[in-house]
1. So for GLU252, GLU20, fewest C-beta neighbours within 10 Å to most, what's the order?
2. Could you work out the Rg to Rh ratio of the chain, with Rh taken as the Kirkwood radius (inverse of the mean 1/r over all Cα pairs)?
3. I'd like the distance separating the alpha-carbon centroids of the stretch 63-132 and the stretch 138-204, in whole Å.
4. Based on the inverse mean of 1/r over its pairs of different Cα atoms, what is the Kirkwood hydrodynamic radius of the stretch 74-134, in Å?
5. Would you grab the residues whose amide H sits under 5 Å from the one on ALA97? Only those 5+ places off in sequence or on another chain, please, with H modelled 1.01 Å from N.
6. Below 15 angstrom from the Cβ of VAL154, what's the summed charge of the other residues (Lys, Arg +1; Asp, Glu -1)?
7. Rounded to the nearest 20 debye, what is the charge dipole size of the chain about its Cα centre when +1 sits on each Lys and Arg Cβ and -1 on each Asp and Glu Cβ?
8. Volume per residue, Å³, of the convex hull around the alpha-carbon atoms of the stretch 70-213?
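Please treat every number below as a calculation from the coordinates, not as lab data. Note that the structure is predicted; figures quoted are calculated from it, not measured. A quick note on method: Cβ atoms are made from the backbone with ideal geometry, for glycine too, and the neighbour counts reach across all protein chains shown.
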Amino acid sequence: GLPERVTIYEVGARDGLQNEAALVPTEVKAELVTRLLDAGLPVVEATSFVHPKWVPQLADAAELMTLLGERGRDLPVLVPNERGLDRALELGCRHIAIFGSATETFAAKNLNSTLDGQFAMFEPTVRRARDAGVDVRAYVSMCFGDPWEGAVPVSQVVEVGRRLFDLGASQLSIGDTIGVGTAGHVSALVSAFVDAGLGIEALAMHFHDTYGQALANTLAALQAGVTTFDASAGGLGGCPYAKSATGNLATEDLVWFLTGLGIEHGVDLDALVATSSWLAGHLGRPSPSAVVRALATA
Ligand code: HMG
Ligand code: MG
């Protein structure tokens with residue numbers, strides 16, 4: 001059967017806004033994060049402590065965390081390396097997320113590293129985080145396909161995941177960065193993790209909806225026993241000018257879907273839709289989420 005309850009891990013303020021063409025003022029980001037928390041989302045990833053030249057959209061990470069104050073300290077932030085960890089620790093962050101690649105090419109493009117080299121970067125980062133009592137989530141990107149390398153073998157993804165768990169990650173988020181995965185592939189990948197002895201309770205799925213498969217993929221993962229799903233409010237993310245680049249699975253679409261299945265999630269859908277509609281005004285474009293479009297009143 002399906003799980004009774006799932007945890008939605010909200011990534012709109014980070015994965016969403018990092019890909020938006022528009023630069024969003026820090027005060028608007030702080031209001032976004034606050035409204036998402038108030039809508040009942042249990043985990044709201046706030047921002048990234050990456051190199052500001054690599055992601056200028058999130059260059060105000062320190063200012064945002066300062067604005068959020070005590071409430072911000074329990075929100076996860078992305079950290080690629082020790083420099084990022086130092087910046088996060090200085091602000092009192094208690095949860096970080098590192099992000100690895102399942103492929104050689106994306107390790108170069110996203111981390112200026114290699115498939116093996118990324119672990120050398122993560123090892124001291126995770127060790128120091130854990131010594132400081134900070135919890136570490138690990139993402140793996142390009143788990144289903146890679147724009148440069150094509151199909152990615154399941155065994156390669158499991159091996160990268162195993163190495164991230166071995167470093168001390170408490171949760172692994174399996175990323176379909178370009179949204180090419182389909183339901184059968186999801187079932188096969190999750191089974192491979194379970195067969196490798198990597199527990200289902202420590203897995204999260206991170207779907208992008210580029211090919212419209214995210215909810216079908218979610219169902220396949222639910223049937224396999226996964227109980228944590230990443231999503232972004234309003235389906236934020238993706239450059240409106242780049243063909244085929246779209247955002248994460250919209251949180252509203254996920255909430256509608258889970259409610260229909262009778263699965264508990266704790267999120268107030270109306271509050272969430274109002275938040276995404278409000279933000280769409282700041283971004284100057286409507287939300288791509290079908291559920292937001294159906295339910296928005298203004
Ligand atoms: P690099 O240029 O190789 O860094 O970038 P470096 O270690 O050689 O250092 C060069 C300079 O950058 C140094 O300064 C460092 O201090 C500084 P200098 O001594 O020359 O003055 N530096 C930093 N400054 C601020 N914060 C830092 C930092 N690190 C170094 N953290 C690096 C390597 C990893 C930093 C770079 O490649 C980077 O920032 N990459 C991040 C890319 C990114 O954010 N991508 C999006 C997130 S991943 C994602 O979206 C996928 C996900 O959603 C899942 C999915 O969908 O698949 C998670
Ligand atoms: Mg992503």
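1. GLU20, GLU252
2. That ratio equals 0.93.
3. 19 Å
4. Taking the inverse mean of 1/r over all distinct Cα pairs, the stretch 74-134 comes out at 11.8 Å.
5. When sequence neighbours closer than 5 places are left aside, the close amide H contacts are VAL77, LEU78, VAL79, ARG137.
6. -4
7. In debye, rounded to 20, the chain gives about 360.
8. 108 Å³
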